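Just below is one structure, and these are the notes that go with it.
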Amino acid sequence: RIPMFRPLIQSWKRLPTPVAAHSMRSTSNGGNCSLKLANKVAVVTGSTNGIGFSIARRLAQDGAHVVISSRKQQNVDRAVATLKKEGLGVSGTVCHVGKAEDRERLVATALEHCGGVDFLVCVAGVNPLVGGTLKSSEQIWDKILGVNVKAPALLLSRLLPHMENRGQGSVVLVSSVAAYVPVPRLGVYNVSKTALLGLTKTLAVELAPKSIRVNCIVPGYINTDFSQSHKHTKPNSHSMYPPLLFPYRVGQPEDCAGLVAFLCSPEASYITGESIAVAGWSPHL
Ligand SMILES: NC(=O)C1=CN([C@@H]2O[C@H](COP(=O)(O)OP(=O)(O)OC[C@H]3O[C@@H](n4cnc5c(N)ncnc54)[C@H](OP(=O)(O)O)[C@@H]3O)[C@@H](O)[C@H]2O)C=CC1
Ligand SMILES: O=C1Nc2ccccc2C1=O
């Protein structure tokens, strides 16, 4: 009876049921139409290497057509060629997520190749400075918040009308356990990853009436070039991170990919506003 809740309740009524979401159609991959993401289109930023590449591969293996992107043309070409050789349905374009014209090109590429978009996975993230928060210049603040926080929201705002046209959609943001437990000397980066938790919750509420779900994955230390270049963050027996699983194994990009595929799938159709750790331990209650 509280008026504020009325729009949300109306949107819940319209959320797709798992049964409806399982309907089978032919796939844009020319592949198996029983795959759970058949006929779907995914845009993945920062997807030519590491976690993003693994997510792109997994979504394509599950039947989606995936639009790959990152800053460097040669990386896009290499990633697209590798996945096409595996028989997967992918296309690609250059997109530095911090540049408005690149975001426009990414949207245009997705529409041109695929006619619409069902999933947006925002993986691209940077940390140009290892050091204390208060030692960071305004330029560093602008760079990190611009790429890590503003860019996902601005890209989604351009894709939104096309996702709405499809009747439902799923957005996945990539935060970090650093959002909950600050990694020493990753000051502004830690702050940006905490902001993504808030962005997830706010967008989940705003987009529920449009049947678009917004969730966030929260990786721990994952074995990629990015983490290699921040060697001091590797958990060890002196680190502030609890040594649950990581003495036995380090996280791999594929650990993140499986979770994103689930969050995009019909099985997750009643999950929104969640932040889920992939870390071998849990950073929150
Ligand atoms: N690895 C880890 O331990 C953890 C990583 N994360 C997060 O996961 C995400 C991916 O990290 P990870 O896979 O390790 O990194 P990698 O360095 O392995 O890969 C980064 C990818 O993003 C692209 N990229 C970098 N900057 C931009 C940009 N401005 N615009 C578009 N694409 C860009 C790179 O290609 P190109 O150079 O061609 O642009 C590359 O494809 C980041 O958001 C990071 O914060 C979170 C927690 C832990
Ligand atoms: O860049 C990162 N390095 C890390 C090390 C441990 C946990 C999270 C992270 C990051 O997000």
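Quick notes
- Accessible area, probe 1.4 Å, largest first, for residues F226, F119: F226, F119
- For Y180, the solvent-accessible surface with a 1.4 Å probe is about 80 Å², rounded to the nearest 10.
- Pairs of lysine residues in the stretch 28-184 - Cα separation under 21 Å, sequence separation of 8 or more or cross-chain: 11
- Two-site FRET efficiency, K135 against K231, from Cβ-Cβ distance with R₀ of 30 Å, rounded to 0.05: 0.90
- Think of each Lys and Arg Cβ as +1 and each Asp and Glu Cβ as -1; about the Cα centre, that makes the dipole of the stretch 103-234 roughly 320 debye.
- Here the stretch 88-165 is assigned +1 on the Cβ of each Lys and Arg and -1 on the Cβ of each Asp and Glu. Its dipole about the Cα centre then comes out at about 260 debye.
- Nearest-0.05 FRET efficiency for R78 and K201, computed from C-beta distance (R0 45 Å): 0.80
- Here each label is just a point 7 Å from Cα along the line to Cβ, and for R158 and E254 those points are 3.4 nm apart.
- P(r) of the stretch 105-257 over all Cα-Cα pairs, binned every 10 Å from zero, in whole percent: 10, 36, 32, 18, 4, 0
- Semi-axis lengths, largest first, of the ellipsoid equivalent to the stretch 63-125 are 18, 15, 10 Å, with √(5λ) applied to each eigenvalue of the Cα gyration tensor.
The values are calculated or read from the model by the stated rules, or taken from the named source; none is laboratory data. If you're wondering where the values come from, they're calculated on a predicted model, not measured in any experiment. Every residue, glycine as well, gets a Cβ built from its backbone with ideal geometry; the counts of neighbours run over all protein chains shown. In case anyone asks, the SASA skips ligands and DNA or RNA and just uses the protein heavy atoms, side chains included. Shrake-Rupley method; radii C 1.70, N 1.55, O 1.52, S 1.80 Å.
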